[in-house]
Amino acid sequence: MAAGLFLQAEEQPWIIWSWLFTHVQLFIDAIQQHLLLTVIAVGVGLAISLPLAVLAHRWRRLRNPVLSVSGIFYTIPSLAIFSVLVPYTGLSVLTAEIGLVGYTVLILIRNILVGLEAVPADVIDAADGMGYRRTARLLRVELPLALPAIFAGVRIATVSTIGLITITAVIGLGGLGQLIYEGLIDDFRTPLLMGTLLSILLALVADLTLAGVQRLAVPWART
């Protein structure tokens, strides 16, 4: 999105409808980029977090190191991460995703661990008594019972990522954040307001969608 795309206006309404209706595709493209960055970040974050959480659950000595390393990464400001990565990975999706994935890992690992640790001991004993090996017990007993906590982590990570993606506008990959950034720089309220509202709406829709998926996947956890 080129700089100076939006015209400045000293006295302007919050939404200029004529401009909005002629730039619908601009918002559609921004939403698509926002969704793509979110799906990649949460998907890769889950792929990294699940085995790490399982290892930390089985070998307790790994628990604190895993949580500490992911926690340290979580405290690093996003702008600092981008400034370190840009000389090596450039203004690319990889640069954005390294930071976004890193921020999801702590959330996901903690929730997966909470879910696994909440599995009742008598259930595990019953599974052992039925002849389940450790891997089969994990896949068929422990992980299914941990699904409510895992879904909770995925929902939190997804909503957080949708908000964090707006920061990647500084490297030209902010999705709706790019509209907010351009509108702020050019003092144009329409993309600034619409980018903000659409980001909030996207987070709400994503959370409600995942909540619906959770109700279908984990019917025994319904209240």
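The values are calculated or read from the model by the stated rules, or taken from the named source; none is laboratory data. Small disclaimer: the values here were computed from a predicted structure and weren't measured. Please note: Cβ atoms are built from the backbone with ideal geometry, for glycine as well, and neighbour counts cover all protein chains shown.
Okay, residues lined up against (1) within 20 Å of the chain's Cα centre (by Cα); (2) of a type in the set (D, E, K, R); (3) modelled with pLDDT under 85; (4) assigned to a helix (DSSP H, G or I):
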residue	(1), (2), (3), (4)
ILE150	yes, no, no, yes
ARG155	yes, yes, no, yes
VAL159	yes, no, no, yes
VAL170	yes, no, yes, yes
LEU179	yes, no, no, yes
ASP187	no, yes, yes, no
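Within the range 16-31, identify whether any single residue is of a type in the set (A, V, I, L, M), surrounded by 13 or more Cβ atoms within 10 Å (Cβ to Cβ), over 21 Å from the mean Cα position of the chain (by Cα) and modelled with pLDDT under 85, and answer yes or no. Talk me through it step by step, then tell me what you get.
Narrowing the range 16-31 to residues of a type in the set (A, V, I, L, M): 16, 20, 24, 26, 28, 30-31.
Pick out the ones that are also surrounded by 13 or more Cβ atoms within 10 Å (Cβ to Cβ) and you get 16, 20, 26, 30-31.
Keeping just the survivors that are over 21 Å from the mean Cα position of the chain (by Cα) gives 16, 20, 26.
Now restrict to residues that are modelled with pLDDT under 85: 16, 20.
Looking through the range 16-31, at least one residue is of a type in the set (A, V, I, L, M), surrounded by 13 or more Cβ atoms within 10 Å (Cβ to Cβ), over 21 Å from the mean Cα position of the chain (by Cα) and modelled with pLDDT under 85.
The single condition among (1) over 15 Å from the mean Cα position of the chain (by Cα); (2) modelled with pLDDT of 90 or more; (3) hydroxyl-bearing (Ser, Thr, Tyr) that THR75 does not meet is (2).
Determine if the range 35-56 includes at least one residue that is more than 19 Å from the chain's Cα centre (by Cα) and at pLDDT below 85. Working first, answer last.
Kept after step one, since they are more than 19 Å from the chain's Cα centre (by Cα), are these residues of the range 35-56: 54-56.
Going one step further and asking which of them are at pLDDT below 85, we end up with none.
So far as the range 35-56 goes, no, none of its residues is more than 19 Å from the chain's Cα centre (by Cα) and at pLDDT below 85.
Give the residue, chosen from ILE112, ILE156, ILE124, that is of a type in the set (Val, Ile, Thr) and buried (at least 22 other Cβ atoms within 10 Å of the Cβ).
Numbers: ILE156 fails: buried (at least 22 other Cβ atoms within 10 Å of the Cβ); ILE124 fails: buried (at least 22 other Cβ atoms within 10 Å of the Cβ).
On inspection, the qualifying residue turns out to be ILE112.
If a residue must be among the charged types (D, E, K, R) and more than 32 Å from the chain's Cα centre (by Cα), how many such residues does the range 110-126 contain?
Within the range 110-126, the first condition is being among the charged types (D, E, K, R), and the residues that meet it are 110, 117, 122, 125.
From what's left, more than 32 Å from the chain's Cα centre (by Cα): 122, 125.
Within the range 110-126, residues that are among the charged types (D, E, K, R) and more than 32 Å from the chain's Cα centre (by Cα) number 2.
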